[in-house]
Every structure is written in structure tokens, then in C-alpha cells.
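Visitor: Here it is: the structure, laid out below.
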Amino acid sequence: MAKKLFGTDGIRGVAGEPPLDPGTIVALGIALGDDLIRRGLAAKPVLVGMDTRESGPGIAARLAEGLRRAGVETRFAGVVTTPGVAYLTRTGQFSAGVMISASHNPFEDNGIKVFALTGYKLPDEEEHEVEEEVFRIVGSVGAADPVKLLQTIDARPYLDFLLSTIGAKLTGLKLVIDCGNGAASDLAPQLFREAGAEVTAISNRPNGRNINLDCGALHVEGLRKTVLETGADAGVAFDGDADRAILISPRGRVVDGDAEMLIAARRLHADGRLAGNLVVSTVMSNLGISMVRTPVGDKYVLEEMLRRGAALGGEQSGHVIFREYATTGDGMLTALKLLETCVREKATLDELAADLTVYPQLLVNIRVKERRPLEQLPGVVKEIRACESALNGLGRVVVRFSGTEPLARVMVEGPDLGQVENWAGRIASAIRGELGG
């Protein structure tokens, strides 16, 4: 049976509206607590962290109330990154970890990501069991009486761990760090300064409503401008929960997840640490090296990495997983490892990514009223097949529904930009005609 609450990256929606209304959040806390009890794990508390959205504290308090009703205690880490919650969960005395964030979405949205005590996101089957209980009990949870949460868990062990992953200090590097007014706003500048870099921090003054607002990993124009104006060696942009990073080279090149994986893969290979000489990536990626492809979502990248024993995987969006160190995408770790490579090889990001051949690629998002299987949309299928025929094996077309938003996504990639734009527009128009919201 298909999941109804959990998407490709947890539960996500508009804060205050289902499924992030108070009653459903309390029900989720109860269901998660009951799940831990069934698995014999409820003796240890659940770790809860959040990004900087104004709705975060209320969601955390209601989730803790649900856990309390189930007989499970909560420990609060305050503002911390998603990979920080995953690390602290797997290395601390916790039964599970919960991150309250909608990642790259605007402040009006929020989300809930759940990690097992291993630091990995819950398997699909367990998510389904939890959400089925939510649907059974949500109508009977009654009024929410949020628990008062005080921060008792510090992120210092996580920062120490990140620093331990690099063998070369970043001394002498001049960096611009765009924190996206999100979870990395305090942590990232501190981390990179402790790593030895000279840091200029921007978009690091969150007010609850400016997370991802014209800044961060999805909006790197301001970062690029600052890098070029200041003569910095690199720029780094994080999204709201810092599970992804996009870098900017000294010449202003955008170093996305594909370039990041290429640089990282070559370094790992040179060090004899690229297991199986294999990189795992998604159907949305544009990487010019041999890889195994997965559905979109770093959760599915990680599942394939574990199945194949791969050391490196990720997405073009900047979610990169170094399996030796992390159980999820980690933007701060990714940036540290790439900048360490710059130091070790005495090379700039421009030089390290110089020979990456990237075809023009266009991603179009279409708001939809409903999600129906593509095979039930004959007009869309017709345009997709015509596009594939026109590309004649020299490009790709990917059409999928977002796992976190009411959107259909059309990605077309090929050697000619005009052709790419034409086909992306035609397929998008066909989707609007059948499902437009």
C-alpha cells in the first residue's frame, strides 16, 4: 500500500494545516512512541532538533506531547542541522531522532524527518506502520497540551566529528558561507573558522521567516556575486537544514552535486577508498562518470549504496553522502571534504572540475491538482516518447511527481539548449492540460 503521510523526505506541508496541524502532530508523536515500545526501544529518549522556521518550536512541543502520552521522553537539541540530528542520534543514548524542517522550502512550510537509532531514515515499511496508526488515532487525540522544551543537547560533538574527518586544515582559504538563514547559521561559520579558513558569513541572521529567502543552496546568485567581489577562494551555500551544499569556484562557477561527486570520487579513488569504483546517483543527475542510478531522494541513494557497498553517492541538488562518515546527505561535511581536496591538491575548484562535461539541462516544475500514474496521461506519454525519439540516445527526459510538494517535475537534458527548452515546454504544457492546478 502506498504511503500517505511520508514522502521521499519525511512528512512535509504547510505549517498548521494537515498533516502538520496540531492534532496530527500529537498523533504522530503517539504513533512513533508506540512503534518504539513495540521494538523494545522506549527506555531511551527521542532526540528532537529543528531549523529556524517560526513554526518549529510549536511542532517540536506537540510532537513531544505525543511522545509523552505514549510514555517516551524527549531531549531537545534546539536549532541544528538534519545530519547533525542523524549523527547525534546514532552516537548518543537515543531511541530515535526527529528533525523538524522543510529543507529548501519557504518558511510557511515545515516537515518532520524521523531517524532510527542507527542514524538512518526509517525504512518505508516502518514509516507505513507509523502513519497507519496516525490515521487510526488522529480523531481521538483531543486537545494538544504542548510540552515545554528546553535545549539540553549540544551540537559540539557533531562539530568535533566533522573536524575529525579532514586531514588537512583549511588554513589560508578565504571563504564566503551562505547559511540560507537556516540551521547552519551559527554552526557553519564556527566550523569553517575552526577548520582554519577565513570566513565571511552571509544570510546567517534568521528571523523565523527568511529561511531560504533569496539565499542558500537554491539561490546562489548573491553568494556568487560576493565571491567574485571579494576574491574569495570559494563560496559555500547551504539549504535550510544543511543536508545539501552548493559551492562556488573563485571564477564564479556553480559547483553542483555532479561536480562535487566527480571531485570527491577522484580523490577517494586516488586514496584507494572508492569502494567498487562506484558512485550511486539519481535519475536527475548529469554526471559524466560510470554510476548506478536510483529514484530521486537521498534516502534511495543511500539504500542502493548500502546494497552495493558504495562509498559515495548523491544528487545534482547537492545532497552528497560519504558513507564512511555519514548516514545521510551532509552539506557541511561535503564542503569540508571538497575544500580539503583543494588544499591537498593545491588546486582551485575551477581546476578540479574543469573537465566535467555537462549537457544543457532544464528542470520545469508544474503545480498539479492530483497525482495520477503517467500511463493514465496519454497526451503526456505521447510528448515524452516524441522527446526521447528526437534526442536519439543523446540525452534524457525524466518526468516524476515531487515527493514533498504538489508538483510534477520535468527534466530534459541534451546537447542542444534550444531542443531541451522546446521539449521541456511541450511536456510541461501537456501536464498542465491534464493535471494543472
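The values are calculated or read from the model by the stated rules, or taken from the named source; none is laboratory data. If you're wondering where the values come from, they're calculated on a predicted model, not measured in any experiment. Neighbour counts are summed over all protein chains in view; Cβ atoms, including those assigned to glycine, are modelled from backbone coordinates with ideal geometry. In case anyone asks, the SASA skips ligands and DNA or RNA and just uses the protein heavy atoms, side chains included. Shrake-Rupley method; radii C 1.70, N 1.55, O 1.52, S 1.80 Å.
Visitor: Of the labelled options (1) 33, 29, 20; (2) 44, 26, 21; (3) 39, 27, 17, which one gives semi-axes √(5λ) of the Cα gyration tensor in Å as computed for this structure?
Guide: Derived directly from the coordinates: (1).
Visitor: So, one more: To the nearest Å, what is the center-to-center distance of the stretch 118-183 and the stretch 193-208, using C-alpha atoms only?
Guide: Here the answer is 20 Å between Cα centres.
Visitor: If you add up the charges near Arg39, with Lys and Arg at +1 and Asp and Glu at -1, over every other residue whose beta carbon is less than 11 angstrom from its beta carbon, what do you get?
Guide: For residues surrounding Arg39, the net value is -3.
Visitor: So, one more: Would you mind getting the accessible area per residue of the chain, heavy atoms of the protein chains only, 1.4 Å probe, in Å²? Provide the component values of the computation, followed by the final result.
Guide: Numbers: 17410 Å² over 437 residues.
The answer is 40 Å² per residue.
Visitor: Another question, then. First select every other residue whose beta carbon is under 12 angstrom from the beta carbon of Val147; then total the charges, Lys and Arg +1, Asp and Glu -1.
Guide: Summing Lys and Arg as +1 and Asp and Glu as -1 gives +2.
Visitor: Let me ask something else about it. For the stretch 386-434, how big is the tail of P(r) above 13 Å, as a whole percent of Cα pairs?
Guide: 55
Visitor: Is the shape of the stretch 309-370 rounded, prolate or oblate, going by the alpha carbon gyration tensor and its root eigenvalues a ≥ b ≥ c, with a/c under 1.5 for rounded and a/b larger than b/c for prolate?
Guide: oblate
Visitor: I've got another one for you. Using packing as a proxy for protection, rank 336-343, 32-39, 125-132, 312-319 so that the peptide with the highest average count of other Cβ atoms within 10 Å comes first. Don't skip to the end; give the middle numbers.
Guide: Values: 336-343: 21.8, 32-39: 19.6, 125-132: 16.8, 312-319: 27.4.
So the peptides 336-343, 32-39, 125-132, 312-319, ranked by packing, come out 312-319, 336-343, 32-39, 125-132.
Visitor: Using helices alone, I'd like the mean residue ellipticity at 222 nm for the chain: each DSSP H run of four-plus residues gives -39500 (n - 2.57), total over residue count, nearest 500.
Guide: Mean residue ellipticity at 222 nm (helix-derived): -11500 deg cm²/dmol.
Visitor: Using the Cα atoms as the points, what is the convex hull volume per residue of the stretch 125-172 in Å³?
Guide: That works out to 182 Å³ per residue.
Visitor: What relative contact order, as a whole-number percentage, does the chain give when Cα pairs under 8 Å and 6 or more residues apart are counted?
Guide: For the chain, the relative contact order is 13 percent.
Visitor: All other residues with a Cβ under 14 Å from the Cβ of Gly379 taken together, and with Lys, Arg as +1 and Asp, Glu as -1, what is their net charge? Walk me through the numbers before you get to the answer.
Guide: Working: positive: Arg372, Lys382, Arg385, Arg426, Arg432; negative: Glu375, Glu383, Glu434.
Spelling it out: positives minus negatives among the neighbours equals +2.
Visitor: Can I ask one more? Suppose a student asked you for the relative contact order of the stretch 111-214, using Cα pairs under 8 Å spaced at least 6 residues apart; what percent would you report?
Guide: 21
Visitor: So if the hydrodynamic radius of the stretch 128-211 is defined as the Kirkwood radius over C-alpha pairs, what does Stokes-Einstein give as its diffusion coefficient at 4 °C and 1.567 mPa s, in µm² per second?
Guide: My calculation gives 79 µm²/s for D.
Visitor: Considering only Gly414, Gly276, Gly78, give the residue with the highest GNM mean-square fluctuation for the chain, with springs between Cα atoms whenever their separation is below 10 Å.
Guide: Gly276
Visitor: Here is a follow-up. With a 10 Å cut-off between alpha carbons and a GNM built on the chain, which of Ala270, Ala116, Ala183 moves the most?
Guide: Ala270
Visitor: Here is a further query. How big is Rg to Rh over the stretch 159-275, alpha-carbon atoms, Rh as the Kirkwood inverse-mean-distance radius?
Guide: Ratio value, two decimals: 0.97.
Visitor: Taking every eigenvalue of the Cα gyration tensor of the stretch 322-437, multiplying by 5 and rooting it, what semi-axes result, largest first, whole Å? Can you show the working numbers first?
Guide: Numbers: eigenvalues 247, 80, 23 Å².
The equivalent ellipsoid of the stretch 322-437 has semi-axes of 35, 20, 11 Å.
Visitor: Round to the nearest 0.05 the FRET efficiency obtained for His269 and Asp124 when R0 = 35 Å and r is the Cβ-Cβ distance.
Guide: 0.65
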